[in-house]
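The values are calculated or read from the model by the stated rules, or taken from the named source; none is laboratory data. Since we're looking at a predicted model, the values are computed, not measured. Cβ placement follows ideal geometry from the backbone for every residue including glycine, while neighbour counts extend to all protein chains displayed. What goes into the accessible areas is simple: the full protein's heavy atoms, side chains included, and nothing from ligands, DNA or RNA. Shrake-Rupley method; radii C 1.70, N 1.55, O 1.52, S 1.80 Å.
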Amino acid sequence: MIEYENLSNTNSIYFRDLEKAATNVIRGGWYILGKEVNSFEKEFAEYIGTKYCIGVANGLDALTLSIEAINLPKGSNVLVASNTYIATILAILKAGYNPILVEPNINTYNIDPSKIRESIDEKTKAICVTHLFGKCCKMDEICRISKEFNLKIIEDCAQAHGSKFKNKKAGSFGDAGCFSFYPTKNLGAIGDAGAVTTNDPEIADRVSCLRNYGSSKKYKNELIGVNSRLDELQASFLRVKLRYLDRLISHKRKLAKTYLQYLPKEFSLPSITEEEFDTFHIFAIRHTKRDNLRELLLEKGVKTEIHYPIPPHHQKAMQNILKGSWPISEELHSTQLSLPISFGHTEEEVLKVCEIMNEIKLISKD
């Protein structure tokens, strides 16, 4: 039996710290690109293990501005997982490039390195990897391919705050790491927010410029930019939450361990290896009768989610852009189900979910 600390006292201190942070910003009178943003950028860069961090308004902007800052040749192809959330593909399109879908590994949900190589042509200039559900992609293989073909790497880390591959954190492998701090993330703001991490000073400067109307000096605009600045209030919340992030991750990993120990194996559980440090933004299982399973769980009081019900190439917005067939992606989208796993859930609640799912397994055999 896994023992947990009493979370009530931690939550009390946590909310008190958030309220204090908000009050300090409101009373301070500086609300855009001030000391809270500067401090968060330094602290998050240190946490990820990069030289630079640039706060932006949201995760989509983090992706778009990063891809723009890398400045690929016009008409370039960018490889991206066929089952990624649509934001990754939107960013490639908004930056003016061509998204080329690559199938994932069905066991990890992440882009399959063995399929990357066969997708490369003379127009391929970058790989945009998505560390889906809190699991890092196989970055050693991807980095080798990148070096061999001289490809840039953009990391979509929207679900991978603190995730590691071979003891190195997501967001520190590629040319740029792109983070969303949407409230449901392991590191979530109280509203929209995002950031870009990088070790490249030129990319850092360009993203900083692009996020602020293309200006690095007031009233002087060097680039065609946008208004995408992380505001002081959200930065102050993120600074507080960053101090609790490793504790939250530890809790979610313990809940995941409980699931892995007690869930029936017929539900295609997440794959775990020693070289990966999963942060379980989502605990994803698969089942051929996913929709029926979801209904049965809801009848028992267990709320679940689907990430995501429609593959990108089946979205109406992409009908004239993503043409082709991606069967692995389609299988994942039709069978995936996300079970409850958050800082607010307890071991007892997760064990109850496991108990219910074992009962469902027995019922399904009748």
Review point. Quick check: anything in region 194-207 aliphatic (A, V, I, L, M), outside any loop (DSSP other than H, G, I, E, B), out of contact with any strand residue (DSSP E or B) (no Cβ under 9 Å at 6 or more places or on another chain) and open to solvent by less than 50 Å² (accessible area, probe 1.4 Å)?
Key: no
Check your understanding: Here is a list of conditions, (1) surrounded by 14 or more Cβ atoms within 10 Å (Cβ to Cβ); (2) assigned to a loop (DSSP other than H, G, I, E, B); (3) charged (D, E, K, R), and R239 meets all of them except one; can you say which number that is?
Key -> (2)
Check your understanding: Of the residues K123, K152, K166, which is at positive phi and over 17 Å from the mean Cα position of the chain (by Cα)?
Key -> K166
Check your understanding: Would you say S114 is over 27 Å from T335 (Cα atoms) and of a type in the set (S, T, Y)?
Key -> no
Point to revise | region 280-291, subset of a type in the set (D, E, K, R) and not in a loop (DSSP other than H, G, I, E, B), residue surrounded by the fewest Cβ atoms within 10 Å (Cβ to Cβ) | key: D291
Practice item. Kindly indicate which of A91, A126, A170, A81 is in contact with a His (Cβ under 8 Å, 6 or more places away or on another chain) and open to solvent by less than 10 Å² (accessible area, probe 1.4 Å). Key: A170
Practice item. Report yes if some residue within region 292-305 is closer than 18 Å to S342 by Cα, part of a helix (DSSP H, G or I), touching a residue at least 60 places away in the same chain (Cβ under 8 Å) and not small (G, A, S); otherwise report no. Key: yes
Point to revise | Meets criteria (touching a residue at least 60 places away in the same chain (Cβ under 8 Å) and over 30 Å from N358 (Cβ atoms)) for L210 | key: yes
Check your understanding: Assuming E331 fulfils every condition listed in (1) out of contact with any Lys or Arg (no Cβ under 9 Å at 6 or more places or on another chain); (2) open to solvent by 80 Å² or more (accessible area, probe 1.4 Å) apart from one, which condition is it?
Key -> (1)
**Study point:** In region 173-184, residue farthest from V129 (Cα to Cα) [restricted to those that are under 11 Å from the mean Cα position of the chain (by Cα) and buried (at least 22 other Cβ atoms within 10 Å of the Cβ)]
**Key:** F181
Review point. Applying the selection to region 210-221, what residues are open to solvent by 100 Å² or more (accessible area, probe 1.4 Å) and part of a loop (DSSP other than H, G, I, E, B)?
Key: Y213, K218, Y219
Review point. When region 242-279 is examined, which residues are found to be over 29 Å from C53 (Cβ atoms), open to solvent by less than 20 Å² (accessible area, probe 1.4 Å) and either among the basic types (K, R) or touching a Cys at 6+ places or on another chain (Cβ under 9 Å) (or both)?
Key: T258, Y259, L263, P264
Revision key, fill the gap. Note on G174: of the conditions (1) assigned to a loop (DSSP other than H, G, I, E, B); (2) under 24 Å from D231 (Cβ atoms); (3) among the small types (G, A, S), unmet is (2)
Exercise for review: Run D205 past the list (1) touching a residue at least 12 places away in the same chain (Cβ under 8 Å); (2) closer than 19 Å to A45 by Cα and report the number of the one that doesn't hold.
Suggested key: (1)
Point to revise | Residue count for region 292-328, restricted to those that are under 17 Å from N107 (Cβ atoms) and surrounded by 13 or more Cβ atoms within 10 Å (Cβ to Cβ) | key: 3
